[in-house]
Every structure is written in structure tokens, then in C-alpha cells.
Amino acid sequence: MLLEVDDLRKGFGSGRRRIEVLKGIDLQIEQGELVALMGPSGCGKSTLLNIIGGLLAGDSGSVQLNEFKYGTRNPAGNVKVRRHAVGWIFQDFHLVEHLSALDNVALALGLSGASDSESNERAADALTRVGLGDRLDHIPDQLSGGQRQRVAIARAVAGRRPLLLADEPTGNLDSRSGEGILELFHDLCHDTENPISILMVTHDPVLAAKADRMLLLNDGVTAASDIRSAWGDEIIDSISGDEGGEEE
Ligand SMILES: Nc1ncnc2c1ncn2[C@@H]1O[C@H](COP(=O)(O)OP(=O)(O)OP(=O)(O)O)[C@@H](O)[C@H]1O
Ligand SMILES: [Mg+2]
């Protein structure tokens, strides 16, 4: 098992203002799995990702990611987790504006200690892997939204971390680019030589349905879900454009 979260709890504030957000999260992700995490706004999806990513301490429970065991540890003690175990992809890409795609990816590798030539080589490999082998010298302004997100994904992949955390990675993309990103995630997770795992937050049920598995976070706990029981047949049919057979 790549990731195992056990009875993880987290609340914010104290006294009467205290809110319990995560109330005993149990979840497991295997190597090569693409998992979608859904749930209403404010239910704690980003909080959960932040704890798994070693950026925030839970109140109790544990996170085991490969050889790393943490969950309640102060984030200052999770440097190795952040450096070696998880990569991040955000809604708004977080690219450096005036740097080429290649330099954006190489910069991140250089910061984590790779030499210049190794950084350039690995950056070019990662960009090729996400389909941008012919865009190495383009700066973000010269790329589409979907291509920019691919640069951000290349940056995360180039770090060779086993788990990518993606918080609404398609939130700023049109639906076609969003589906392209999901296909890329699929390829990265199902790669026969070098599979990674991805835990992705999305509000889009159509994209969530393309993941290997879907988890619903609701009222502080996660439950396995299939798309139809989470959203109802009617909504799915209306989104996917199926003919309902009836007029309004
Ligand atoms: N640092 C913090 N201090 C106090 N409350 C917080 C803090 N971080 C998050 N919360 C609260 O915890 C709850 C969960 O927030 P979180 O950002 O994890 O939700 P989310 O599921 O990611 O929502 P969205 O879909 O809108 O991004 C919210 O009620 C939020 O106000
Ligand atoms: Mg969030």
C-alpha cells in the first residue's frame, strides 16, 4: 500500500468556535491508482490534502506514505515527505511567468539539489511525457491554459515522487482541456514502467467518473462512492447528455 490514512481527525479553533472538520478519515491508495475526492465546499478536502502533503498537522490519527509515518507531526518535521514523497498540482498552475516551460520544470529540480545538466535532462523528459516536447522554450504566456497545467504536472512528475496531490487541477480549464488533463493523469498512473498515484479533488462529476475510484468526503468521513449514487441518475444523465426519453 502506498498511502494509508488511519482515523485521522482535525478541527480548528477552540471553545464555542471550535469546528471539527475531519472526524476519523480512513483511506488507502495503492501505487498506480487515480482517486477522485469529492464533497461539498468547506467539507475539508483541502485540509485532508494538506495533512497528507505534510503541510499541516492533524489532531490525531496517522498517515503512512511509503516509509514515512506522520499525520500529527509538526509540518517542520516533514521536510523529507515534501521533498521526496509528494508533488502538488494546483488550480492556478503556479508557474514562473518569464521562464520557459523547460526552465520552470528545471528550476524546481535545481532547488531540490539536482545539477544543471541533470535538471535540464529530467525536465525535458517530463515535458515530453506530458506531451509538450515541442514547447520547451515557450513561456507561460505563449501556452494555453491546458498546456500551462501540463507544465505544472511535468514539474510535479519530474520530482519522481510517488504521490501527486491535485487540488482542483482542472478548476481553471474549459471542459475539453480538463478532460485532456484527466487522460494524462490516467496515463501517468497506468504507466507500466513508472506508475504514480494521484489523489485529485474535483467538483466535476464527469471528470471524477474517469478516475479509477471515487471517494466522497461528507460530514467529516470518507466513503467509497460510485458516481450515480453520489449524484443521482438524473443529474448524471443531464450532464452526460443522455436522452432521458422524456420532454420537460
Ligand atoms: N487554518 C484554518 N483555520 C480555521 N478554519 C479553517 C482553516 N482551514 C480550514 N478551515 C475550515 O475548515 C473547513 C474545511 O476547509 P477546506 O478548505 O478543507 O474545505 P474544502 O473542502 O477544500 O472546500 P472547497 O471545496 O471550497 O475548496 C472550512 O469550514 C474552513 O473554514
Ligand atoms: Mg479546497
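Bear in mind that the values in this text are calculations on the coordinates, not laboratory data. All values derive from a computational prediction rather than experimental measurement. Note: ideal-geometry Cβ built from the backbone for every residue, glycine included; neighbour counts use all protein chains shown.
Let me confirm the definition first: pairs of Lys residues in the chain, 8 or more apart or on different chains, C-alpha distance under 20 Å. How many are there? List each step's numbers first, then the result.
Values: K10/K23; K10/K45; K10/K69; K23/K45; K23/K69; K45/K210; K69/K80.
Total qualifying Lys-Lys pairs in the chain comes to 7.
Under 25 °C and 0.890 mPa s, how fast does the chain diffuse according to Stokes-Einstein, given a Kirkwood radius computed over C-alpha pairs? Answer in µm²/s, whole number. Can you show the working numbers first?
Details: Rh = 19.0 Å.
The Stokes-Einstein estimate is 129 µm²/s.
For a quick protection proxy, order the peptides 11-18, 34-41, 53-60, 112-119 by their average other-Cβ count within 10 Å, most packed first. It would help to have the intermediate numbers written out before the result.
Working: 11-18: 8.8, 34-41: 20.0, 53-60: 18.4, 112-119: 13.2.
In descending order of packing, they fall as 34-41, 53-60, 112-119, 11-18.
What's the FRET efficiency of F12 with F90 using the Cβ-Cβ distance as r and R₀ = 30 Å, to the nearest 0.05? Mind dumping the intermediate values first?
Values: r = 21 Å, r/R0 = 0.72.
That pair, F12 with F90, gives E of 0.90.
What is the Cα coordinate range of segment 130-233 on the first, second and third principal axes, sorted by size from largest, in whole angstrom?
On the principal axes, segment 130-233 reaches 45, 30, 23 Å in Cα extent.
Once you have the Cα-Cα distance between N218 and L99, take 0.36 nm times their residue separation minus that, and quote the gain in nm to one decimal.
Values: separation 119, 0.36 × 119 = 42.84 nm, distance 4.05 nm.
Contour length minus the Cα-Cα distance gives 38.8 nm.
Return the FRET efficiency for the residue pair D125, S62: r is the Cβ-Cβ distance, R0 is 45 Å, and the value is rounded to the nearest 0.05. Before the final figure, lay out each step's value.
Numbers: r = 35 Å, r/R0 = 0.77.
It comes to 0.85.
For segment 11-102, take the alpha-carbon Rg, divide it by the Kirkwood Rh, and send me Rg/Rh. Provide the component values of the computation, followed by the final result.
On the way: Rg = 15.4 Å, Rh = 15.2 Å.
Result: Rg/Rh = 1.01.
Report the net charge of residues surrounding A158, where surrounding means a beta-carbon distance below 11 angstrom and charges are Lys +1, Arg +1, Asp -1, Glu -1. Present the calculation step by step, with values, prior to reporting the outcome.
On the way: positive: R122, R129, R155, R160, R161; negative: E118, E121, D125.
Summing Lys/Arg as +1 and Asp/Glu as -1 gives +2.
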